[in-house]
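The values are calculated or read from the model by the stated rules, or taken from the named source; none is laboratory data. Because the structure is a prediction, the values reported are computed rather than measured. Here the Cβ positions follow ideal geometry from the backbone for every residue, glycine too, while neighbour counts run over all protein chains shown. What goes into the accessible areas is simple: the full protein's heavy atoms, side chains included, and nothing from ligands, DNA or RNA. Shrake-Rupley method; radii C 1.70, N 1.55, O 1.52, S 1.80 Å.
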Amino acid sequence: VETDADRLERHATDLRASGMEVEAVGDPLQAHAAAVRFRPECLVLQREMAACSGDELAAVVRADARFLDTPIVFLMPSAGEARPLPQMEGGGESCLPQSAAPGVLIAGITLRVKRARSLRRLNEDLRAALRESRLLRLALDVHALVCITDAAGVIAYVNDAFCRASGYRRRELLGQSLSMLRSEAHPSAYF
């Protein structure tokens, strides 16, 4: 998103020449709709625009859950004119000078996209591991009595089957010593 038509065309041409797919948007008020349509892996926003600042546009984009983890690269005016970046939900913001050489622009965007892809893969792996963990716990809870204690024997978790077998409610067991379950019907050596 760049309001200067010449700079927009120059950046778009350089990025396309490097093999990137580009949706060049000259009107910041059309940027969100273009992002929904194009589904970019990275948004490159001019920081200073008349109709809508890059900060405001980034806030609009971040409000849409589809773009919460999409990296944003701000093209900044000269260092003397630049304002500090606000803290944005989702993070992923970085800055490059709007007059950056093509190689710098390409490298900066490539780095952000690679990092975002890596984080996305890690999040997908984490979600899969959590899903598998829930399924394993469900299977275990259906087929076994489960009581988990800490090293001192204090009960940290019990499943429903354990509660039924022991005759205690979960809240009566959690935080108690496992020794509370000892039966007087067995000698100490048994335990």
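Any residue at all in region 116-133 that's at pLDDT 90 or above and within 30 Å of D6 (Cβ to Cβ)? Yes, the conditions are met somewhere in region 116-133.
Restricted to region 1-15, and to residues there that are over 17 Å from E48 (Cα atoms) and not aliphatic (A, V, I, L, M), the residue that is surrounded by the most Cβ atoms within 10 Å (Cβ to Cβ) is D14. Looking across region 173-191, just one residue is at pLDDT 90 or above and open to solvent by 80 Å² or more (accessible area, probe 1.4 Å), and that is Q176. With V60, V36, V104 as the choices, which residue is of a type in the set (A, V, I, L, M), open to solvent by less than 90 Å² (accessible area, probe 1.4 Å), within 24 Å of D6 (Cβ to Cβ) and modelled with pLDDT of 90 or more? Checking each option against the conditions leaves just V104.
Here the condition is being surrounded by 10 or more Cβ atoms within 10 Å (Cβ to Cβ), free of Cβ contacts under 8 Å to residues at least 24 places away in the same chain, in a loop (DSSP other than H, G, I, E, B) and not hydroxyl-bearing (S, T, Y); of L138, L145, L111, L122, it holds for L145 alone.
Scanning region 5-43 for residues that are part of a helix (DSSP H, G or I) and β-branched (V, I, T) returns T13, V36.
Selection of region 66-98 for residues being among the acidic types (D, E), at pLDDT 60 or above and part of a loop (DSSP other than H, G, I, E, B) yields only D69. Working only within region 16-33, note down all residues that are open to solvent by less than 60 Å² (accessible area, probe 1.4 Å) and either hydrophobic (A, V, I, L, M, F, W, C) or within 17 Å of C52 (Cβ to Cβ) (or both). M20, V22, A24, V25, G26, P28, A31, H32, A33, listed by residue number.
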